[in-house]
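Trainee: Structure in structure tokens, see below.
The values are calculated or read from the model by the stated rules, or taken from the named source; none is laboratory data. Just so it is clear, the model here is predicted, and its values are computed rather than measured. As a convention, Cβ positions derive from the backbone with ideal geometry for all residues, glycine included, and neighbour counts pool all protein chains shown. Accessible surface areas use protein heavy atoms only, side chains included; no ligands, DNA or RNA. Shrake-Rupley method; radii C 1.70, N 1.55, O 1.52, S 1.80 Å.
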Amino acid sequence: MGAERGGRGKYPLPRGLHSAIQTGFLVVLTLIVLVPLLAIFVGTFQDGNEIIRKGLSLDIDPATLSLDNYVMLFTDSGPYFRWFANSILLTAAQVAGTLLVSSFVAYGFAVYDFRGKNILFISVLLLMTVPFEIMMLPLFVMVNDVGLADSYSVIVFPFLAASVTIFYFRQYFLGIPKDLLEAGRVDGVTEFGIFFRVVVPIAKPAFAAMAILNGMVIWNNFLWPLLVLRSREKFTLPIGLNTLLTPHANNYELLIIGSFFSLLPVLVLFLLFQRFFVAGMTAGALKG
């Protein structure tokens, strides 16, 4: 009894009160996240100049709301949907490539033994500590020297082997029983077959978690595409929205409603894979 009381604490909270506190905390946290999103959504029905003067607020006059911004978005938004499509295609291509390449590298670190393995993995860990701003200038000079500026390939290929993704996949793959892999080899399955037919189905939560995290980072990527893309029709959505603010004229209406619509792909991605995301992050935290 004494040990049980000591484990529960001197003044344990009743279970109902404890649950109420947890629920209240989560409700408050949800409101903190949702209120800015709601304010942006309401702002899509308001005049852009008024928002810039008064700021986003939920204290609005319903008589001032209109659908003019939506009409303008779908009828006279210029290259907005071209930028939107560019971002979707680049994000999909880079996420798919990053998952494939990074999982291959992580699988090698987790399953095979070879000379220099630990040194190479330590190099991957050290790379996680290097800010992109340090590598940005040498990478930009190299891109210009080889003539790849203003192309989508230079946005995708340099970052396919993502150090954080490699580290996460390696920790996940270490938890896969080696007996499954050996059974596949005994049955005559190739190493690629073992990876795609045995490892990938087991690691679906890990792939979903990394797809969401990489997708959010890539979708919002601004600095590197801004440096290498020069043609207006090739701009991604963050760069395109930034061009709406100029010294000569500002399109606040398109900026606000365009920014709101830019949130939707990431939100849809998370809603589609949230079950796998939670499972993957939990499993990744418990392995290795």
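Trainee: Please work out if PHE25 is at pLDDT 75 or above, open to solvent by 80 Å² or more (accessible area, probe 1.4 Å) and either on the phi < 0 side of the Ramachandran plot or among the hydroxyl-bearing types (Ser, Thr, Tyr) (or both). Don't jump to the end; show me each part of the working.
Mentor: Values: at pLDDT 75 or above: yes; open to solvent by 80 Å² or more (accessible area, probe 1.4 Å): yes; either on the phi < 0 side of the Ramachandran plot or among the hydroxyl-bearing types (Ser, Thr, Tyr) (or both): yes.
Yes: the conditions hold for PHE25.
Trainee: Moving on. When you scan the stretch 25-50, how many residues do you find that are assigned to a helix (DSSP H, G or I) and touching an Asp or Glu at 6+ places or on another chain (Cβ under 8 Å)? Before the answer, list the steps.
Mentor: Of the stretch 25-50, the ones assigned to a helix (DSSP H, G or I) are 25-43, 48-50.
Filter again for touching an Asp or Glu at 6+ places or on another chain (Cβ under 8 Å), leaving 48.
Total satisfying the criteria: 1.
Condition check ((1) of a type in the set (A, V, I, L, M, F, W, C); (2) modelled with pLDDT under 85; (3) touching a Ser or Thr at 6+ places or on another chain (Cβ under 6 Å)) across all residues:
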{"residue": "ILE51", "(1), (2), (3)": "yes, yes, no"}
{"residue": "VAL71", "(1), (2), (3)": "yes, no, no"}
{"residue": "ASN86", "(1), (2), (3)": "no, no, yes"}
{"residue": "ALA93", "(1), (2), (3)": "yes, no, no"}
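Trainee: Quick check on the stretch 28-51: of everything there that is open to solvent by less than 90 Å² (accessible area, probe 1.4 Å) and of a type in the set (Val, Ile, Thr), which residue is farthest from LEU255 (Cα to Cα)?
Mentor: The residue in question is VAL28.
Trainee: Run down LEU89, LEU58 and say which single residue is open to solvent by 60 Å² or more (accessible area, probe 1.4 Å), farther than 19 Å from GLU233 by Cβ and either part of a helix (DSSP H, G or I) or out of contact with any strand residue (DSSP E or B) (no Cβ under 7 Å at 6 or more places or on another chain) (or both).
Mentor: Testing whether each residue is open to solvent by 60 Å² or more (accessible area, probe 1.4 Å), farther than 19 Å from GLU233 by Cβ and either part of a helix (DSSP H, G or I) or out of contact with any strand residue (DSSP E or B) (no Cβ under 7 Å at 6 or more places or on another chain) (or both) leaves just LEU58.
Trainee: If you don't mind, there's one more thing I want to ask. Can you tell me which residue among ALA209, ALA149 is in a helix (DSSP H, G or I), surrounded by 13 or more Cβ atoms within 10 Å (Cβ to Cβ) and modelled with pLDDT under 90?
Mentor: Values: ALA149 fails: in a helix (DSSP H, G or I).
Of the residues listed, the single one that is in a helix (DSSP H, G or I), surrounded by 13 or more Cβ atoms within 10 Å (Cβ to Cβ) and modelled with pLDDT under 90 is ALA209.
Trainee: Out of the residues in the stretch 166-179 meeting the condition of being surrounded by 13 or more Cβ atoms within 10 Å (Cβ to Cβ) and not aromatic (Phe, Trp, Tyr), tell me which one is nearest to ALA96 (Cα to Cα). I'd like the intermediate steps shown before the answer.
Mentor: At the first step, the residues of the stretch 166-179 found to be surrounded by 13 or more Cβ atoms within 10 Å (Cβ to Cβ) are 166-176.
From what is left, the residues that are not aromatic (Phe, Trp, Tyr) are 166, 170-171, 174-176.
Details: ILE166: 14, ARG170: 18, GLN171: 20, LEU174: 22, GLY175: 23, ILE176: 22 Å.
Step by step, filter the stretch 166-179, then rank; the result is ILE166.
Trainee: Oh, and also: Output yes when any residue across the stretch 233-243 is over 21 Å from the mean Cα position of the chain (by Cα) and either more than 28 Å from LEU99 (Cα to Cα) or open to solvent by 70 Å² or more (accessible area, probe 1.4 Å) (or both), and no when none is.
Mentor: For the stretch 233-243, residues over 21 Å from the mean Cα position of the chain (by Cα) and either more than 28 Å from LEU99 (Cα to Cα) or open to solvent by 70 Å² or more (accessible area, probe 1.4 Å) (or both): present.
Trainee: Right, another one. Kindly evaluate GLY215 against the criterion of being modelled with pLDDT under 90, open to solvent by less than 40 Å² (accessible area, probe 1.4 Å) and over 30 Å from LEU67 (Cα atoms).
Mentor: Details: modelled with pLDDT under 90: no; open to solvent by less than 40 Å² (accessible area, probe 1.4 Å): yes; over 30 Å from LEU67 (Cα atoms): yes.
Criteria not met by GLY215.
Trainee: Identify all residues within the stretch 106-139 that are free of Cβ contacts under 8 Å to residues at least 12 places away in the same chain and either at positive phi or in a loop (DSSP other than H, G, I, E, B) (or both); write none if there are none.
Mentor: Answer for the stretch 106-139, where residues must be free of Cβ contacts under 8 Å to residues at least 12 places away in the same chain and either at positive phi or in a loop (DSSP other than H, G, I, E, B) (or both): TYR112, ASP113, PHE114, ARG115, GLY116, THR129, VAL130, PRO131.
Trainee: Looking at (1) over 14 Å from the mean Cα position of the chain (by Cα); (2) open to solvent by less than 50 Å² (accessible area, probe 1.4 Å); (3) β-branched (Val, Ile, Thr), find the lone condition where VAL266 falls short.
Mentor: In the conditions (1) over 14 Å from the mean Cα position of the chain (by Cα); (2) open to solvent by less than 50 Å² (accessible area, probe 1.4 Å); (3) β-branched (Val, Ile, Thr), VAL266 misses (1) alone.
Trainee: For the stretch 181-191, give me each residue that is open to solvent by 40 Å² or more (accessible area, probe 1.4 Å), in a helix (DSSP H, G or I) and either at pLDDT 90 or above or within 21 Å of LEU100 (Cα to Cα) (or both).
Mentor: Listed by number, the list holds a single entry, GLU191.
Trainee: If you scan the stretch 192-206, which residues turn out to be open to solvent by 60 Å² or more (accessible area, probe 1.4 Å) and either over 15 Å from LEU100 (Cα atoms) or hydrophobic (A, V, I, L, M, F, W, C) (or both)? Even if it seems obvious, please write down each step before you answer.
Mentor: Step one: list which residues in the stretch 192-206 are open to solvent by 60 Å² or more (accessible area, probe 1.4 Å), which gives 192, 196-197, 201-202, 204.
The answer is PHE192, PHE196, ILE202.
Trainee: Considering (1) touching a Gly at 6+ places or on another chain (Cβ under 7 Å); (2) among the hydrophobic types (A, V, I, L, M, F, W, C); (3) within 24 Å of ASN214 (Cα to Cα), say which one ILE194 fails and leave the rest.
Mentor: (3)
Trainee: Count, please, the residues in the stretch 104-130 that happen to be more than 30 Å from LYS178 (Cα to Cα) and open to solvent by 60 Å² or more (accessible area, probe 1.4 Å).
Mentor: Narrowing the stretch 104-130 to residues more than 30 Å from LYS178 (Cα to Cα): 129-130.
Then keep just the ones that are open to solvent by 60 Å² or more (accessible area, probe 1.4 Å); that gives 129.
Counting residues in the stretch 104-130 that are more than 30 Å from LYS178 (Cα to Cα) and open to solvent by 60 Å² or more (accessible area, probe 1.4 Å) gives 1.
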